[in-house]
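The structure under discussion appears below in the form of structure tokens.
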Amino acid sequence: MKTIITYGTFDLFHFGHVRLLARLSEMCDQLIVGVSTDEFNAMKGKAAFFSYEQRSEIIAACKYVSKVIPEQNWQQKSTDIEKFDVDVFAIGDDWEGQFDHLKSQCDVLYLTRTDDISTTEIKNNLAVPA
């Protein structure tokens, strides 16, 4: 059985997220998604619109996802790869090269992001007065 793991905040779930999860699920038997906790986002200087619990519920409802786990820190990726017997660590290409150190544990895949959509862009557009 082939297992892929990916991580993200997944705030304001949109078609870019759906396409990422769909692409990954086509490559594996089991897709595990680590959703960043509110505390971890705060450590990264980010704030999500939806709480960790709400974002996890949304991701768990997606038909492409096998399992949702909390992402609590940067270091847990290596442990998760071992714990879940992961074959591929996958993430958007905006992180290109940042996780190459995991190549000793599994394959590392940087996927092209979906054009013309990002959570940051959505938040910025919603903040503009009408």
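The values are calculated or read from the model by the stated rules, or taken from the named source; none is laboratory data. Being a predicted model, the structure only gives us computed values, none of them experimental. Backbone-built Cβ (ideal geometry, glycine too); neighbour counts: all protein chains shown.
Observations, loosely collected:
- No other residue among 59, 4 is under 13 Å from the mean Cα position of the chain (by Cα) and either without any contact (Cβ under 8 Å) to a residue 60 or more places away in the chain or in a loop (DSSP other than H, G, I, E, B) (or both) apart from 59.
- Some residue of the stretch 25-37 being part of a helix (DSSP H, G or I) and either free of Cβ contacts under 8 Å to residues at least 60 places away in the same chain or surrounded by fewer than 15 Cβ atoms within 10 Å (Cβ to Cβ) (or both): yes
- Within the stretch 94-122, the set of residues being modelled with pLDDT of 90 or more, surrounded by fewer than 12 Cβ atoms within 10 Å (Cβ to Cβ) and either in contact with a Ser or Thr (Cβ under 9 Å, 6 or more places away or on another chain) or polar (S, T, N, Q) (or both) comprises 101, 104.
- Flag for residue 34 being under 15 Å from residue 92 (Cα atoms), under 12 Å from the mean Cα position of the chain (by Cα), of a type in the set (Gly, Ala, Ser) and modelled with pLDDT under 95: no
- From the list 81, 69, the one residue that fits, being β-branched (Val, Ile, Thr) and more than 23 Å from residue 16 (Cβ to Cβ), is 81.
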